[in-house]
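Structure, as structure tokens:
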Amino acid sequence: MSFNSKTVFITGSRRGLGWAMAEEFAKNGANIIAHARTQTEEFSERLRELSENYGVNVSALYFDLTDTEMMKETVKDLIIKQKTRIDVLVNNAGIAHGGYFQMTPVSAIRDVFNINLFAQMEITQLVLKSMIRNKSGVIINMSSVLGLDIKEGSCAYGVSKAAIAAWTKTLAAECAPYGIRANAIAPGLIDTDMAKLMEEKAEQEMISSSAMNRLGCPAEIAKTALFLASDDASFINGQVIRVDGGIV
């Protein structure tokens, strides 16, 4: 797959799935716009290395997803002032949360939704204006198997990811006339920092529920995103793709 001259904007790119996707798209010739909350010398150096290793343009956007005004200002500057064409948007950023509904303040649930859903929606609205003008584009949202197979303790994270799955279908239906596709990926338990936040018992239950009986690798999710963004997936739209090792 070749993404030469195409630009991919990935939220939450500092580590985990976001960084794996940045590497995979760069490896295949895409220019990368990597979002992170704050700038660090370590992250800047990794971006420089990514650019040098694969001969692509790599730039960074820094904003906190809870700072709506800064987020809008930064993305508008990228698209309008800098006239950057975004071919692929990957809404990857998110936060984890676990807790029983009766014991979880609604304010905490609202905080999770603000980052996992509403911030992604606002970024997408800004990027979509440009995609609609260009009559092309791909949007990939990050859902979760915990949003498809709702279990106890998922009143915030799981429900927010279920909302991502539902929103993706609406987005796909509305954007298809403009040549824009939207799909979501629903990973199982992946070997990232987020997985390490889980209680050991819950982690083992998720691993044992998978037919492959192991954690997934970030690269496996990145390759799925690469496929969904490619012309090979030109007739795949409005889908939520499970990448979970066969949860049964």
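The values are calculated or read from the model by the stated rules, or taken from the named source; none is laboratory data. Only a predicted model underlies this, so the values are computations on that prediction, with no experimental measurement involved. Neighbour counts run over all protein chains shown; Cβ positions are idealised from the backbone, glycine included.
Looking only at the range 60-110, residues that are under 15 Å from K161 (Cβ atoms) and part of a helix (DSSP H, G or I) come to 1 in all.
Identify, please: which residue in the range 229-248 is of a type in the set (A, V, I, L, M, F, W, C) and part of a loop (DSSP other than H, G, I, E, B) and is, among those, nearest to the chain's Cα centre (by Cα)? Steps first, please.
Let us first name the residues in the range 229-248 that are of a type in the set (A, V, I, L, M, F, W, C), namely 229, 233, 235-236, 240-241, 243, 247-248.
In the following step, the residues that additionally are part of a loop (DSSP other than H, G, I, E, B) were identified as 235-236, 248.
Details: F235: 21, I236: 17, V248: 25 Å.
So, considering only residues that are of a type in the set (A, V, I, L, M, F, W, C) and part of a loop (DSSP other than H, G, I, E, B), the one nearest to the chain's Cα centre (by Cα) is I236.
Applying the condition of being assigned to a loop (DSSP other than H, G, I, E, B) and crowded, with 23+ Cβ neighbours inside 10 Å to the range 138-165 and asking which residue is modelled with the lowest pLDDT yields A156.
Of all residues in the range 51-80, how many are more than 19 Å from the chain's Cα centre (by Cα) and either aromatic (F, W, Y) or farther than 21 Å from Q120 by Cα (or both)? Count: 7. Quick check: anything in the range 212-227 surrounded by fewer than 18 Cβ atoms within 10 Å (Cβ to Cβ) and modelled with pLDDT under 75? Yes, that holds for at least one residue. In the set F9, F101, F25, F43, only one residue is under 30 Å from L146 (Cα atoms), more than 16 Å from the chain's Cα centre (by Cα) and at pLDDT 95 or above; that residue is F43. Listed by first and then second residue, the pairs linking a residue in the range 236-248 that is within 27 Å of L171 (Cα to Cα) and free of Cβ contacts under 8 Å to residues at least 40 places away in the same chain to a residue that is buried (at least 19 other Cβ atoms within 10 Å of the Cβ) and of a type in the set (A, V, I, L, M), with Cβ atoms under 6 Å apart and 6 or more places separating them unless they lie on different chains, form an empty list. Considering the conditions (1) over 21 Å from G137 (Cα atoms); (2) not in a loop (DSSP other than H, G, I, E, B), I32 is excluded by exactly one of them, (1).
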